[in-house]
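Just below is one structure, and these are the notes that go with it.
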Amino acid sequence: MNQSRRQFGGALVGLSAGLTFHQTALATSARPWPLEDLVAASDRSIVATAVAARSEWMFLGGAERIVTFTRVLQEQDYLNDSQEDELEILTLGGRVGSILQKVPGSAQLTVGQGAVLFVGGEQSHYRMLIGMAQGHFTIDTSNETPLLRKSRHVAHLFARKDRPEISAGTTLDGRTLSEARGLIQGARAR
């Protein structure tokens, strides 16, 4: 009888640990990117619309992972007078066949959706979002005046107690495009 109680107790502890690990594995935390840091790390801050996306396997960070390449049409660049009007953005995660890979904190660009993107890290044929989902703001057109909305895929943000930081998401969320442009260009000037 004691043996079976111990086995049951051990199984229960193991199951609890497994559930705890599973929940922890799905959660992620990141430090907030203040607007000034996001702007400083970006080559561009663009208003763009996603027009096509494809996911594929890629060897990245020492392992094979699913990534998504999204082609976006750039309408405006808040940081430069760049002439490039089409970019390919790499984000982590996606679906290849029946396999879906989600990466907490990674942006998910939607074809047909306008967005403001903080872009950097030019590779051979693609660029990356700075700050993952923190560098992605959708354009909400449900109101008379379009407003920026921070990505709903942003990881849990935590700030150090000795250095509280206001995230770019907090700064830009709910702003019009012209307000956002002024804030982004003002952050560049600092």
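The values are calculated or read from the model by the stated rules, or taken from the named source; none is laboratory data. Remember, predicted model here, so these are calculated numbers, not experimental data. Here the Cβ is made from the backbone with ideal geometry for all residues, glycine too, and neighbour counts use every protein chain on show.
Tabulated values for the structure
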{"item": "Cross-chain or 6+ apart pairs with Cβ under 7 Å, region 78-89 first and free of Cβ contacts under 8 Å to residues at least 40 places away in the same chain and hydroxyl-bearing (S, T, Y), then part of a loop (DSSP other than H, G, I, E, B) and crowded, with 18+ Cβ neighbours inside 10 Å", "result": "none"}
{"item": "Some residue of region 171-180 being on the phi > 0 side of the Ramachandran plot, surrounded by fewer than 19 Cβ atoms within 10 Å (Cβ to Cβ) and small (G, A, S)", "result": "yes"}
{"item": "From the options E56, E122, E64, E88, residue that is surrounded by fewer than 20 Cβ atoms within 10 Å (Cβ to Cβ), in a loop (DSSP other than H, G, I, E, B) and not small (G, A, S)", "result": "E122"}
{"item": "Residue in region 71-85 that is under 23 Å from G169 (Cα atoms), within 15 Å of the chain's Cα centre (by Cα), assigned by TED's automatic domain parsing to the domain that holds D173 and modelled with pLDDT of 95 or more present", "result": "no"}
{"item": "Matching residues in region 99-119 - criterion: being β-branched (V, I, T) and in a loop (DSSP other than H, G, I, E, B)", "result": "V103, T110, V111"}
{"item": "Residue check, L117 surrounded by 20 or more Cβ atoms within 10 Å (Cβ to Cβ) and aliphatic (A, V, I, L, M)", "result": "yes"}
{"item": "Subset of region 150-190 that is at pLDDT below 95 and of a type in the set (V, I, T) - its residue that is nearest to P32 (Cα to Cα)", "result": "I166"}
